[in-house]
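For reference, the structure is listed below as structure tokens.
The values are calculated or read from the model by the stated rules, or taken from the named source; none is laboratory data. Here the structure is a predicted model, which is why all the values come from computation and not from measurement. Cβ atoms come from the backbone with ideal geometry, glycine included; neighbour counts cover every protein chain shown. Remember, those area values only see protein heavy atoms, side chains included, never the ligands or the DNA or RNA. Shrake-Rupley method; radii C 1.70, N 1.55, O 1.52, S 1.80 Å.
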Amino acid sequence: MPELHVSNHPLVKHKLTLLRDVHTNHRTFRELVRELALLLCYEATQDIQTSPKTVTTPMGLAEGVKAEELIGLVPIMRAGMGLLDGIMELLPDVQVWHIGLYRDEHTLRPVQYYNRLPGEPTVQLCLVLDPMLATGGSAVATVDIIKKWGVNRIKFLGLLAAPEGVGRLHEAHPDVPIHVAELDEHLNDIGFIVPGLGDAGDRMFGT
Ligand code: PRP
């Protein structure tokens, strides 16, 4: 059963509202993306594998756990890189494997320009990071690449999704849960999410 998780945390909704605002400057935009990524990652990692671990406290022994799963972050460049900082605060020991894709303005199809994945998989779980799930083409192409690499436990983590993108990713990869801050209304005729937040990469990097 394909999974779509739309956060209902009030802090996520509050920060997303600020993020959408056309008056929010680039610096604040980046900071909000960092904070939202951390909060969404917290929600998306509630099923990661752990093993029992005992620690000595000043008062005695405590039974705890150790997070065990090897996690790889796969940001889709450029805009996905904005989600890295917040997540790496939460998960300092992750590996980061960048994938470079841009969306052709006319065909809206993803074009790959960077992929340095090694021959053999080095992680057990991949989090695909991209703020926008619009047509879904970039996300589907990235999940295709990761599965070909040999990792099959994959989640998509983004800020905004359009119903078209959710449908396309679920159809191509029904085993990949989607975690976003909001599901928006639709795509416009040039493939932008409405009401959305504009071009996430441009707003992040001031281009
Ligand atoms: C945007 C966005 C996603 C993609 C989403 O990237 O950051 O990667 O489009 O669209 P899709 O779901 O229709 O594939 P863009 O191509 O503008 O590149 P950028 O991140 O370098 O700005």
Quick one: count up the residues across the stretch 6-17 that are open to solvent by 60 Å² or more (accessible area, probe 1.4 Å), closer than 17 Å to ALA161 by Cα and touching a Leu at 6+ places or on another chain (Cβ under 7 Å). 1
Every pair of residues 6+ apart whose Cβ atoms lie under 9 Å, when the first sits in the stretch 45-60 and is in contact (Cβ under 8 Å) with a residue 24 or more places away in the chain while the second is in a strand (DSSP E or B) and open to solvent by 70 Å² or more (accessible area, probe 1.4 Å): none
Confirm whether THR28 is more than 16 Å from the ligand (Cβ to nearest atom) and either aromatic (Phe, Trp, Tyr) or under 18 Å from PHE205 (Cβ atoms) (or both). yes
Of all residues in the stretch 26-54 being in a helix (DSSP H, G or I) and touching a strand residue (DSSP E or B) at 6+ places or on another chain (Cβ under 9 Å), the one that is surrounded by the most Cβ atoms within 10 Å (Cβ to Cβ): ALA37
Working only within the stretch 58-81, note down all residues that are open to solvent by 20 Å² or more (accessible area, probe 1.4 Å) and within 10 Å of the chain's Cα centre (by Cα). MET81
Between a residue in the stretch 175-197 that is within 24 Å of HIS106 (Cα to Cα) and polar (S, T, N, Q) and any residue that is open to solvent by 20 Å² or more (accessible area, probe 1.4 Å) and part of a strand (DSSP E or B), which pairs come within a Cβ distance under 6 Å, given they are 6 or more apart or on different chains? ASN188/VAL194
Does any residue of the stretch 82-99 turn out to be assigned to a strand (DSSP E or B), within 23 Å of PRO174 (Cβ to Cβ) and within 17 Å of the chain's Cα centre (by Cα)? yes
